[in-house]
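Step one of this worksheet: look at the structure below.
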Amino acid sequence: MDTLLYLEELALIRPDNRFKAQLCLGGRTYPYEDTEALSLLHEQELAYYRKLQYKRKHSFVLGRYCAKQAISAYTHMAEPQLRQIWVQPGVFQQPVIMLPRTEPLQITITHCDHIAAAITFPEAHPLGIDLEKIDSANVSAIESQITASEKQMIADTSLEYEVALTMLWTSKESLSKILKTGLMTPLPVYEINHMDIRQDCIVTSYTNFAQYGTVSFRIGRHMCSITHPKRTEFKVNIPEIQRLFGTLYAADAR
C-alpha cells in the first residue's frame with residue numbers, strides 16, 4: 001500500500017514500572033481501491049466497510065491500516081498477516097482488538113482528512129489519541145462547548161485562537177477515549193485547568209481527572225493529542241512527525 005507510514009515505540013516510564021506502546025501515523029491523499037481493502041481488512045471489517053459511503057471508506061481503511069501496523073509492530077507480527085487482525089467496535093464504539101494473545105492489548109484510533117493515527121498499548125496502561133483539523137469553520141461549535149475559565153485561559157496565552165480551541169477539543173476527545181465514555185458525558189466534566197506551552201508541544205491537565213495529563217502537538221494544519229496517566233513519562237519524536245507529515249498535508253488541509 002502506497003501510504004506514508006511512521007512507526008515509533010514509546011517507552012512508558014512509571015515511578016515503579018515500565019511499559020511499552022506502539023504509535024503509528026499514516027497519511028494518504030488518494031482513495032483506497034477495493035482490492036487494497038480486501039488485502040487489509042478482516043472479513044468482519046469488510047462487512048462494515050461495504051456499508052460505508054464512499055468518502056468514509058477512505059478514512060476507515062486508513063485508520064484500520066494504522067491500527068494494524070501498530071499492533072503488528074508491537075507483537076512482531078508479519079505484515080501479510082494484517083488481515084487476520086480484527087478491530088471490533090465495542091458497546092461504546094471503542095475499538096477492541098480481537099487477537100488471541102497472552103498479554104491483553106488495547107488500541108486507540110483517530111483519523112481526520114488524509115491522516116490517521118493509532119496507539120497499541122497494554123491493558124494495564126491506558127492511552128487515548130485524537131487528531132483534528134485546525135479549521136475556522138469549527139470555531140463556533142467548539143466555543144459553545146468550553147467553560148468560562150477555559151476561555152480566559154486561552155486569552156492569557158500567546159496561542160493562535162483556532163489552534164488553542166482545537167487543542168482543547170482534541171485533549172478532551174483523547175481523554176474521553178481513555179475513559180471509554182466518548183463525548184457522551186457533558187463536556188464541562190472534561191474541563192482543562194492548566195496549559196503548559198513548551199517548545200514543541202502543549203501539556204494540559206484536568207479539573208476533574210487529576211490522574212491524567214495530555215500532550216498536544218501540531219502536524220501541519222492538524223492538532224494531535226495523546227492522553228496518558230499523569231505520573232507516566234514518555235517522549236514522542238515530534239520533530240520527525242512534523243517533518244514527515246507537516247509539509248505534505250499542510251497545503252491539503254487548508
Taking only segment 235-254 into account, find how many residues are part of a loop (DSSP other than H, G, I, E, B) and modelled with pLDDT under 95. 1
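Table: residues versus (1) without any contact (Cβ under 8 Å) to a residue 60 or more places away in the chain; (2) in contact with a Ser or Thr (Cβ under 8 Å, 6 or more places away or on another chain); (3) not small (G, A, S).
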{"position": "L4", "(1), (2), (3)": "no, no, yes"}
{"position": "E9", "(1), (2), (3)": "no, no, yes"}
{"position": "L12", "(1), (2), (3)": "no, yes, yes"}
{"position": "P15", "(1), (2), (3)": "no, no, yes"}
{"position": "R28", "(1), (2), (3)": "no, yes, yes"}
{"position": "E33", "(1), (2), (3)": "yes, no, yes"}
{"position": "E36", "(1), (2), (3)": "yes, no, yes"}
{"position": "Q44", "(1), (2), (3)": "yes, no, yes"}
{"position": "L52", "(1), (2), (3)": "yes, no, yes"}
In segment 164-188, the residues that are basic (K, R) and within 13 Å of the chain's Cα centre (by Cα): K172, K177
From the set of residues in segment 3-30 that are exposed (fewer than 15 other Cβ atoms within 10 Å of the Cβ) and touching a Lys or Arg at 6+ places or on another chain (Cβ under 7 Å), which is nearest to Y74 (Cα to Cα)? E9
Picking from P126, P89, P95, the residue that is under 24 Å from Y212 (Cβ atoms) and in contact (Cβ under 8 Å) with a residue 60 or more places away in the chain would be P126
Could you go through segment 24-37 and let me know if any residue there is in contact with a Leu (Cβ under 6 Å, 6 or more places away or on another chain) and closer than 20 Å to L127 by Cβ. yes
With the requirement that a residue be closer than 16 Å to C112 by Cβ and in contact with a Phe, Trp or Tyr (Cβ under 6 Å, 6 or more places away or on another chain), what does segment 136-181 give you? I142, K172
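The values are calculated or read from the model by the stated rules, or taken from the named source; none is laboratory data. Bear in mind the structure is a predicted one, so any value in this text is a computation, not a measurement. Cβ sites come from the backbone with ideal geometry, for glycine too, and all protein chains shown count toward neighbours.
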